[in-house]
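*Asks:* Please read through the structure below; I'll follow up with questions.
The values are calculated or read from the model by the stated rules, or taken from the named source; none is laboratory data. Predicted model, so just to flag it, every value in this text is computed and none were measured. In this analysis, Cβ positions are derived from the backbone assuming ideal geometry, glycine residues included, and neighbour counts consider all displayed protein chains.
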Amino acid sequence: MALGPPRFPITPPGQVIGFLKKATILQCGVVGYPTPEVKWNRSPPSPFPQGRSAVINSSLYINNTEDGDGGVYICTATNKHGMIIHGTFLKVESVGKPYYIVSELI
């Protein structure tokens, strides 16, 4: 494998919609060699959802998403050859009840 700085083979989304009381995943699919170290931050700086968030395989998982979880999350990947940064805006929405349209055939 060739040495190289971190890069995104597929650009992560600029916005993700998370639904209230559901799990949300923010992805930071990065490659490079040596394997980049991935860190997540919020902008402006604020704490992550306490006891409801974890970084697994460079993705940020948020369980039981709440209104206060919305905002910009920054993924920073670094190795000895360089660094790459990507911001994702998390928009939190409520899960609406399904509705049905009933029409009569005449």
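*Asks:* For residues that are under 11 Å from ASP69 (Cβ atoms) and modelled with pLDDT of 90 or more, tally how many sit in the stretch 37-55.
*Replies:* Of the residues in that region, 3 qualify.
*Asks:* List pairs: first residue in the stretch 66-82 and under 15 Å from THR11 (Cβ atoms), second residue among the acidic types (Asp, Glu) and assigned to a strand (DSSP E or B) anywhere in the structure, Cβ distance under 9 angstrom, at least six positions apart or on different chains.
*Replies:* ALA77/GLU37
*Asks:* Among the residues of the stretch 21-46, write down those that are among the hydroxyl-bearing types (Ser, Thr, Tyr), surrounded by 12 or more Cβ atoms within 10 Å (Cβ to Cβ) and part of a loop (DSSP other than H, G, I, E, B).
*Replies:* We begin by selecting, within the stretch 21-46, every residue among the hydroxyl-bearing types (Ser, Thr, Tyr); these are 24, 33, 35, 43, 46.
Next cut, surrounded by 12 or more Cβ atoms within 10 Å (Cβ to Cβ) only: 24, 33, 35.
Of everything in the stretch 21-46, just one residue is among the hydroxyl-bearing types (Ser, Thr, Tyr), surrounded by 12 or more Cβ atoms within 10 Å (Cβ to Cβ) and part of a loop (DSSP other than H, G, I, E, B), namely THR35.
*Asks:* May I pose another question? So, in the stretch 56-87, of the ones that are in a loop (DSSP other than H, G, I, E, B) and out of contact with any Cys (no Cβ under 6 Å at 6 or more places or on another chain), which residue ends up modelled with the lowest pLDDT? Full working, then the answer.
*Replies:* Narrowing the stretch 56-87 to residues in a loop (DSSP other than H, G, I, E, B): 57-58, 63-66, 70, 80-81.
Checking the rest, the ones that are also out of contact with any Cys (no Cβ under 6 Å at 6 or more places or on another chain) come to 57, 63-66, 70, 80-81.
Details: ASN57: 91, ASN63: 96, ASN64: 95, THR65: 95, GLU66: 94, GLY70: 95, LYS80: 95, HIS81: 95.
Looking at the filtered set, the residue picked out is ASN57.
*Asks:* Also: Output the residues belonging to the stretch 1-18 that are assigned to a strand (DSSP E or B) and either charged (D, E, K, R) or out of contact with any strand residue (DSSP E or B) (no Cβ under 6 Å at 6 or more places or on another chain) (or both).
*Replies:* ARG7
*Asks:* If the Cβ limit is 6 Å and pairs must be 6+ apart or interchain, which residue in the stretch 1-28 that is closer than 14 Å to LEU90 by Cα pairs with which residue that is among the aliphatic types (A, V, I, L, M) and part of a loop (DSSP other than H, G, I, E, B)?
*Replies:* Sorted first by the residue in the stretch 1-28, then by its partner, the pairs are PHE19/VAL95.
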